[in-house]
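The values are calculated or read from the model by the stated rules, or taken from the named source; none is laboratory data. Fair warning: this is a prediction, and the values are worked out from it, not measured in the lab. Cβ coordinates were reconstructed from backbone atoms using ideal geometry, including for glycine residues, and neighbour counts include every protein chain displayed.
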Amino acid sequence: LQLLSRQVVADVARVRAYEQEKQRAEQLEALDRAKTAFFSNVSHEFRTPLTLMLAPVEDALADTEEVLAPRQRERLSLVQRNGTRLLKLVNSLLDYSRLEAGRAKVAYQSTDLPAFTAELVSHFESAVRRAGLVLTVELATLGEPVWVDREAWEKVVFNLLSNALKYTFEGNIAVSLRAEGAEAVLRVRDTGTGIPAQALPHVFERFHRVEGARARSHEGSGIGLSLVQELVKLHGGSVSVHSALEQGSTFTVRVPFGKDHLSREHLLPGLT
Ligand code: ADP
């Protein structure tokens, strides 16, 4: 009897511990949801007034009939540049929190990925040239349809290329797209500053910035790569990085062909 009662006491303790653990997990989950909602709401609330503030500044700068003194123009340009930077950050935060909460608005579409990527990369041509760098682009025919959310793919390409440009002072930036097995593989390679080995495992973490990193501009928030990772995951893909200090970095994005791995409700209607 004594043995049995000891057994019962042990069982009760185990059940209690389990329940406490479960309660803690539920509390943590609720906290996480509240945090995501907070992020999302704040970003959203910031966006409207910012957009409204920027509009008259942009109008004034664009209006050829409005005579602005050089100093006024300079000051307005400063407001515009930093306002735009803030708006971009707010938009990235909003994208990220939506993705984290599983509320991202996505529409996968069968896409000619080499052509679409070429169009996106072309926007960087002049900036790369102005920076004294060489841009090489190799976009192979894939032979299989790739289903992507076009806005998401645009953000992936833009973020990777902006980083390559920001952290490269000489040499070249190479963009390639090719089929490897059952995946489309995008590589963005640069001959830039590289990333220290100890920082490599963290670069995809939200808000992580490499300490003391040399950059063309110090604008940035550490959200870019975490957004890239979430967007690629949404497509059932992955992103990885190889880097050597003072030699350069290569970011590799892999997205599976086809649409079987994607949620049907997010496939664009009319397309099969
Ligand atoms: P940030 O807004 O700081 O650029 P990201 O999330 O895009 O944020 O990148 C995180 C960090 O990873 C950067 O702060 C930078 O130190 C490092 N990094 C990203 N891309 C590169 C690159 N191509 N070359 C060197 N360092 C990079």
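Below, the figures for the structure above:
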read-out	value
Test: residue in the range 74-95 that is in contact with a strand residue (DSSP E or B) (Cβ under 6 Å, 6 or more places away or on another chain) and closer than 22 Å to L225 by Cβ	no
Test set (1) among the small types (G, A, S); (2) outside any helix (DSSP H, G or I); (3) at pLDDT below 95 - G132 fails condition number	(3)
Search result, residues across the range 127-175 that are basic (K, R) and either more than 13 Å from the ligand (Cβ to nearest atom) or crowded, with 22+ Cβ neighbours inside 10 Å (or both)	R129, R130, R150
Those residues of the range 42-92 which are surrounded by 11 or more Cβ atoms within 10 Å (Cβ to Cβ), among the polar types (S, T, N, Q) and at pLDDT below 90, in sequence order	S43, N91, S92
Enumeration of residues in the range 135-178 that are outside any strand (DSSP E or B), free of Cβ contacts under 8 Å to residues at least 60 places away in the same chain and basic (K, R)	R150, K166
Top-ranked residue of the range 249-272 - restricted to ones that are part of a strand (DSSP E or B) and of a type outside the set (V, I, T), ranked as surrounded by the fewest Cβ atoms within 10 Å (Cβ to Cβ)	G258
Output for the range 93-126, where each listed residue is in a helix (DSSP H, G or I) and surrounded by fewer than 15 Cβ atoms within 10 Å (Cβ to Cβ)	A115, A118, E119, S122, E125, S126
Count - residues of the range 223-248 that are within 12 Å of the ligand (Cβ to nearest atom), assigned to a strand (DSSP E or B) and within 27 Å of L94 (Cβ to Cβ)	2
Breaking point among (1) among the aliphatic types (A, V, I, L, M); (2) under 22 Å from V90 (Cα atoms); (3) touching a Lys or Arg at 6+ places or on another chain (Cβ under 8 Å), for V203	(3)
Tally of residues being of a type in the set (A, V, I, L, M, F, W, C), within 6 Å of the ligand (Cβ to nearest atom) and either in contact (Cβ under 8 Å) with a residue 24 or more places away in the chain or in a strand (DSSP E or B) (or both) across the range 190-222	3
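Matching residues to (1) loosely packed, with under 15 Cβ neighbours inside 10 Å; (2) farther than 20 Å from V128 by Cβ:
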position: Q198; (1), (2): yes, yes
position: V203; (1), (2): no, yes
position: R209; (1), (2): no, yes
position: R214; (1), (2): yes, no
position: Q229; (1), (2): no, yes
position: L234; (1), (2): no, yes
position: S240; (1), (2): yes, yes
position: S243; (1), (2): no, no
